[in-house]
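The values are calculated or read from the model by the stated rules, or taken from the named source; none is laboratory data. Keep in mind it's a predicted model, so treat the numbers as computed, not measured. Methodologically, a virtual Cβ is constructed for each residue, glycine included, from the backbone with ideal geometry; neighbour enumeration extends over all protein chains shown.
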Amino acid sequence: MSEHTGGRDIAPAEGRLGVLLVGLGAVSTTVIAGVEAVRRGLSKPIGSITQMNTIRLGKRTDSRTPLVKDFVPLADLDDIVFGAWDPIPDDAYESARHCGVLRPEDLEPIADFMKSIKPMTAAFDKAYVKKLDGTNVKTGANKMELAEQLREDIRRFKEENGCDRLVIVWAASTEIFLTPGPVHDTVESLEQAMRDNHEAIAPSMLYAWAALQEGVPFANGAPNLTVDLPAMLELAKRNGVPICGKDFKTGQTLIKTILAPGLKARMLGLAGWFSTNILGNRDGEVLDDPESFKTKEESKLGVLEHILQPDMYPDLYGDMYHKVRINYYPPRGDNKEGWDNIDIFGWMGYPMQIKIDFLCRDSILAAPIVLDLALFLDLSRRAGLHGVQEWLSFYFKSPQTTPGLYPEHDVFIQHWKLKNTLRWLMGEEQITHLGVDYEE
Ligand SMILES: NC(=O)c1ccc[n+]([C@@H]2O[C@H](COP(=O)([O-])OP(=O)(O)OC[C@H]3O[C@@H](n4cnc5c(N)ncnc54)[C@H](O)[C@@H]3O)[C@@H](O)[C@H]2O)c1
C-alpha cells in the first residue's frame, strides 16, 4: 500500500546559513525582524510550517507527530545570517520604518540589529520597474558585468559572514511583463544576450544566473519569469541547484485556493469570481504601472482555471468569469483590503453569492513563507535535489513546474505534497488516508 523508500542521504545542517534577499522592502524587513524577534524570545514564528507545524508519521494509532523542524534536519534560526540588495540605500531599520508594516514597539527593541543590515548595491534598471528610482545601483558595461558583480557579492558575503551555505530569495519589486523568447532557451543564448544587453534580460534574471553559477538555491517570490526559463533550468541541473517560484501565495489568492477546492469538492458551480484589492504600499505603487500589473494579473488569474478544470466540468465551470483588479490607494499602506464577490450555483442551477472582505496584512502573510522557503531550499540542496522543487508549490501563486506538467494550485494538495515529500526524504511511509488497514 505505502512504500518505505529508505530516505535520502542528507548532509547535516551544520554551520551558518546565509539568507540573501533581493529587495529590502516590506516583505524582507518583516521576515528579518520577525526572525530576530523569535531568536530573542520576543515573538512566535506564526504562519511558519517549518517552525510550528507537526507532521504525522505512521498510523494514527502510532502517536508519532514531531514538529517538522525536529523531523527533518533544518538550519536553526540562530544560524541564519541575513543580507540584501536594494537600489534604495536605506538599512533594514529605516526601510521597515518607511514600509510601516511593523509597529514601533515591535521594531525598536531590535533596532540595533535592523540597522546593521545594509543593502548591497543592486543590479537595477528602471526600464523594468517604472515607478522606482534608485541610487544604490551597480554600473557596468553590460548585463553580464552586472551579473559578475553579483557573483562577487555572493562570494564576499559568504566569506565575511563565515557562512557554510547560502540561499537567495527574490523579494524585490514586480518587473514588467515579459514572455519567454529564444534568448531564454539555452544557457549559451542567455549568456550571449546578457553580454549584448538584450532587452529580454531583466535584472531579476541576473540575480538568478549569478545564484545558479555560484551553486546557491534560488526562490522567486514575485511573478517575474526570473528562474522560470529553460536556460535557468538547464543551469540549475548542470550545477545541481534547487530552484522554485513564482509569486508568494498570500492574501486573496491564498483565500481563493482554500475556498475553490471546497466548492469543487461539493460539485457546486461557479458563474463568476470578482476580486478587487486596494493597497497603498510600494508594491501597490509599482503595480499601479500597467506593465507590472500585467505580470501580477497573469499570475493571479491562472489559479481558478487549474483548480476547477472547466474542460472536465463544463456544466459547472465552463462559463465562469474571473476578474482581478488591484488599485493603489495610499491611505491603506501595507494593510490591504481584498474583496471577493463569488457567484456560485447549486441544485437545479439556483444562484447563491459569497462575499469576502479580507482585511489583510500582506507582508505578515509573506514573511513566514520566505523563512520556510529559505530553510526548505537549503534542505533540498543538502539532500542532493536540484531543478524545480515542485513540492514547494504550497508557497506560490503560480507554482513553477517541471516542463510538461501542470501546476497544482489546490492548497490542500500542495500541503499534502509538501509533507509527503518530507516523509519520502526521511524514508517514512507515505500517508494516503486510505484507512482500511485499521480494519484488517
Ligand atoms: N507581500 C506579499 O504578500 C507578496 C505576495 C506575493 C508576492 N509579493 C511580491 O514580493 C515582492 C516584494 O514585495 P514588498 O511588499 O516587499 O515590496 P516593496 O516595494 O516594499 O519592496 C521591494 C523592494 O525591492 C527593491 N527592488 C526593486 N528592484 C530591485 C532590484 N533589481 N534589485 C534589488 N532590489 C530591488 C525596491 O527598491 C524595494 O525596496 C513584490 O514583487 C511583490 O509583488 C509580495
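If only one of Ile369, Ile326 is in contact with a strand residue (DSSP E or B) (Cβ under 9 Å, 6 or more places away or on another chain) and modelled with pLDDT of 95 or more, which one is it?
Details: Ile326 fails: modelled with pLDDT of 95 or more.
Matching residue, one of Ile369, Ile326: Ile369.
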Margin query: When you scan region 92-112, do you find a residue that is more than 11 Å from the ligand (Cβ to nearest atom), of a type in the set (Val, Ile, Thr), surrounded by 17 or more Cβ atoms within 10 Å (Cβ to Cβ) and touching a residue at least 60 places away in the same chain (Cβ under 8 Å), even just one?
Written below: yes
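Quick one: is Ile258 touching a strand residue (DSSP E or B) at 6+ places or on another chain (Cβ under 9 Å) and surrounded by fewer than 22 Cβ atoms within 10 Å (Cβ to Cβ)?
Numbers: touching a strand residue (DSSP E or B) at 6+ places or on another chain (Cβ under 9 Å): no; surrounded by fewer than 22 Cβ atoms within 10 Å (Cβ to Cβ): yes.
Taking the combined requirement at face value, the residue does not satisfy it.
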Next item on the list: Identify, by number, the condition in (1) surrounded by fewer than 17 Cβ atoms within 10 Å (Cβ to Cβ); (2) within 16 Å of the ligand (Cβ to nearest atom); (3) part of a strand (DSSP E or B); (4) of a type outside the set (A, V, I, L, M, F, W, C) that Lys323 doesn't meet.
Entry: (2)
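Just checking, does region 299-322 include any residue being closer than 30 Å to Asp133 by Cα, modelled with pLDDT under 90 and not hydroxyl-bearing (Ser, Thr, Tyr)? Let's see the steps before the verdict.
Of the residues in region 299-322, the ones closer than 30 Å to Asp133 by Cα are 299-301.
This time we only want the ones that are modelled with pLDDT under 90, so: 299-301.
Cutting the leftovers down to not hydroxyl-bearing (Ser, Thr, Tyr) gives us 300-301.
Among the residues of region 299-322, at least one is closer than 30 Å to Asp133 by Cα, modelled with pLDDT under 90 and not hydroxyl-bearing (Ser, Thr, Tyr), which makes the answer yes.
When you check Pro330 against the structure, is it within 14 Å of the ligand (Cβ to nearest atom), farther than 26 Å from Lys44 by Cβ and surrounded by fewer than 24 Cβ atoms within 10 Å (Cβ to Cβ), yes or no? Lay out the reasoning, then the answer.
Working: within 14 Å of the ligand (Cβ to nearest atom): yes; farther than 26 Å from Lys44 by Cβ: yes; surrounded by fewer than 24 Cβ atoms within 10 Å (Cβ to Cβ): yes.
Here the answer is yes, as Pro330 does meet what is asked.
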Next item on the list: Among the residues of region 7-45, write down those that are within 29 Å of Gly384 (Cβ to Cβ) and hydroxyl-bearing (Ser, Thr, Tyr).
Entry: Ser28
Checklist line | Criterion: over 22 Å from Val27 (Cα atoms) and not β-branched (Val, Ile, Thr) - qualifying residue of Leu225, Leu150, Leu146, Leu166 | finding: Leu146
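Going by what's in this entry, would Ile413 be described as among the β-branched types (Val, Ile, Thr) and outside any helix (DSSP H, G or I)?
Values: among the β-branched types (Val, Ile, Thr): yes; outside any helix (DSSP H, G or I): no.
Criteria not met by Ile413.
Could you list all residues from region 192-210 that are part of a helix (DSSP H, G or I) and in contact (Cβ under 8 Å) with a residue 60 or more places away in the chain?
Start the filter on region 192-210 by keeping residues that are part of a helix (DSSP H, G or I), which leaves 192-195, 203-210.
If the condition is that a residue be part of a helix (DSSP H, G or I) and in contact (Cβ under 8 Å) with a residue 60 or more places away in the chain, then Pro203, Ser204, Leu206, Tyr207, Trp209, Ala210 are the ones that fit.
Is at least one residue of region 287-303 without any contact (Cβ under 8 Å) to a residue 24 or more places away in the chain, over 20 Å from the mean Cα position of the chain (by Cα), within 16 Å of the ligand (Cβ to nearest atom) and not assigned by TED's automatic domain parsing to the domain that holds Ala96? Spell out how you get there, then give the answer.
Residues of region 287-303 without any contact (Cβ under 8 Å) to a residue 24 or more places away in the chain: 290, 301.
Imposing the further condition that a residue be over 20 Å from the mean Cα position of the chain (by Cα) reduces the set to 290.
When the remaining residues are screened for being within 16 Å of the ligand (Cβ to nearest atom), the result is 290.
Still in the list and also not assigned by TED's automatic domain parsing to the domain that holds Ala96: 290.
Yes: one or more hits.
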Margin query: Can you report the number of residues in region 333-345 which are touching a strand residue (DSSP E or B) at 6+ places or on another chain (Cβ under 7 Å) and crowded, with 19+ Cβ neighbours inside 10 Å?
Written below: 5
Next item on the list: Determine if region 141-161 includes at least one residue that is without any contact (Cβ under 8 Å) to a residue 24 or more places away in the chain, of a type outside the set (D, E, K, R) and surrounded by fewer than 19 Cβ atoms within 10 Å (Cβ to Cβ).
Entry: yes
Notebook entry, point to check: Is there any pair with a first residue in region 397-419 that is over 18 Å from Ser380 (Cβ atoms) and a second that is charged (D, E, K, R) and part of a loop (DSSP other than H, G, I, E, B) whose Cβ atoms are under 8 Å apart and which are 6 or more apart or on different chains, and what are they?
Noted result: Lys397/Lys246; Lys397/Asp247; Lys397/Lys249; Ser398/Lys246; Ser398/Asp247; Val411/Lys249
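Just name the residue that is surrounded by the fewest Cβ atoms within 10 Å (Cβ to Cβ) out of those in region 202-232 that are over 23 Å from Phe157 (Cβ atoms) and more than 17 Å from the chain's Cα centre (by Cα).
The first filter runs over region 202-232 and keeps only residues over 23 Å from Phe157 (Cβ atoms), leaving 223, 225, 228-231.
Now drop any that are not more than 17 Å from the chain's Cα centre (by Cα), which leaves 230-231.
Numbers: Pro230: 15, Ala231: 23.
Filtering first and then ranking leaves Pro230.
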Note to self: So for region 172-193 (the condition being in the same structural domain as Ile369 (by TED's automatic domain parsing) and in contact with a strand residue (DSSP E or B) (Cβ under 6 Å, 6 or more places away or on another chain)), does at least one residue qualify?
What the structure shows: yes
Next item on the list: For region 214-248, enumerate the residues that are within 18 Å of Glu305 (Cβ to Cβ) and either without any contact (Cβ under 8 Å) to a residue 40 or more places away in the chain or in contact with a helix residue (DSSP H, G or I) (Cβ under 6 Å, 6 or more places away or on another chain) (or both).
Entry: Pro223, Asp247
